[in-house]
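Below: the structure, in structure tokens.
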Amino acid sequence: MRDLSRVDKAMAGPRPVVLSGPSGAGKSTLLKKLMKEYDGVFGFSVSHTTRQPRPGEENGKDYHYVTKDAMQTAVDNGEFIESAVFSGNMYGTSKAAVQAVRAKNLICILDIDMQGVRNIKKTDLNAIYVSIQAPSMDILEKRLRDRKTESEESLQKRLHAARVEVEFSKEEGMFDVCIVNDVLEDAYGKLKDVLLEEINQVKKTGMTL
Ligand code: ADP
Ligand code: 5GP
């Protein structure tokens, strides 16, 4: 594995938060609510991806949209903490993305798949790992279909990956907490409870600066 010690030493501060779970479970919905309510507390780790932007998504905000060649070169140059292929596209967390958030002393939120979770666990990031799950596969499929962002082929790939992600979330010691996103406000309340200590810490530090 790549030597990450230099990066990690520069990354003291609040613990990052990793959100993971099947596509369509509600990760982006929950993290957007969190970032809106706690403006100046959380910062999103903007990943790179080779997939096309969806309507409404912004380059540099939701993702850095790049070509496969550019992404592969950056990965080969050691610019990424982790990277993975999901549903036929490359995704990855650059060192710069995490450092940008941590330099502001914000809680860094990562939205990554299970391969990313496995790889981030090998680093010294000392993250809080939160699994977001839909109440059932049927509801997950309905949410993905209603979102109207995927072709039938992409949808099937995501549902297939979702079954693996559900099993992964049950692996002993993988997640600190698993939140079933049934009623959005309830799931959001649970997420806030899990992160309360870190939120208060950042607010306290912010006030003394
Ligand atoms: P993910 O980021 O995990 O892929 P999204 O946040 O995009 O998932 O959510 C998938 C779809 O489900 C979106 O259209 C979103 O508006 C909807 N959604 C999210 N949470 C809920 C919920 N608790 N109840 C109903 N619909 C939801
Ligand atoms: P989407 O295409 O729906 O935005 O994301 C598809 C999947 O890729 C989701 O499970 C999401 O968590 C994951 N993902 C997004 N960014 C990254 C990343 O940087 N690394 C990894 N490993 N997965 C990511």
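The values are calculated or read from the model by the stated rules, or taken from the named source; none is laboratory data. None of the values given here were measured: they were computed from a predicted structure. FYI the Cβ positions are ideal-geometry reconstructions off the backbone, even for glycines, and counts take in every protein chain you see. All accessible areas refer to the heavy atoms of the entire protein, side chains included, with ligands and DNA or RNA removed. Shrake-Rupley method; radii C 1.70, N 1.55, O 1.52, S 1.80 Å.
Quick notes on this structure:
- Above-threshold pairs, the threshold being 19 Å between Cα atoms, out of K33/K95; K33/K190; K121/K203; K95/K121: K33/K95; K121/K203
- At an R0 of 41 angstrom, the distance between the Cβ atoms of Q72 and T205 translates into a FRET efficiency of 0.60.
- Solvent exposure of segment 41-184 as accessible area per residue, Å², 1.4 Å probe: 50 Å²
- The spread of Cα positions in the chain, taken along each principal axis and listed from longest to shortest, comes to 50, 42, 36 Å.
- Directionally averaged projected area (segment 78-121, Cα convex hull): 3.3 nm².
- Efficiency of FRET from Cβ geometry, V85 and E58, R₀ 30 Å, rounded to 0.05: 0.80
- The share of accessible area on the chain that comes from carbon and sulfur is 50 percent, using a 1.4 angstrom probe.
- For segment 2-208, the dipole from Cβ point charges (+1 on Lys and Arg, -1 on Asp and Glu) about the Cα centre works out to 400 debye, to the nearest 20.
- GNM top mover of L110, L184, L30 - the chain, alpha-carbon springs below 10 Å: L184
- Shown here for segment 14-105: chymotrypsin sites (Phe, Trp or Tyr not before Pro) in loop regions (DSSP other than H, G, I, E, B) with at most 16 other Cβ atoms within 10 Å, namely Y38.
- DSSP beta bridges confined to segment 2-208 are antiparallel in about 30 percent of cases.
- Length released on extending from D39 to K122, taking residue separation times 0.36 nm less the Cα-Cα span: 26.9 nm
- Pairs of Cα atoms nearer than 8 Å and 6+ residues apart set the relative contact order; for segment 2-208 it is 32 percent.
- Of the residues V98, V130, V194, the one that moves most in a GNM of the chain with alpha-carbon contacts below 10 Å is V194.
- Between the beta carbons of R15 and S151, assuming R0 = 35 Å, the FRET efficiency works out to 0.40 to the nearest 0.05.
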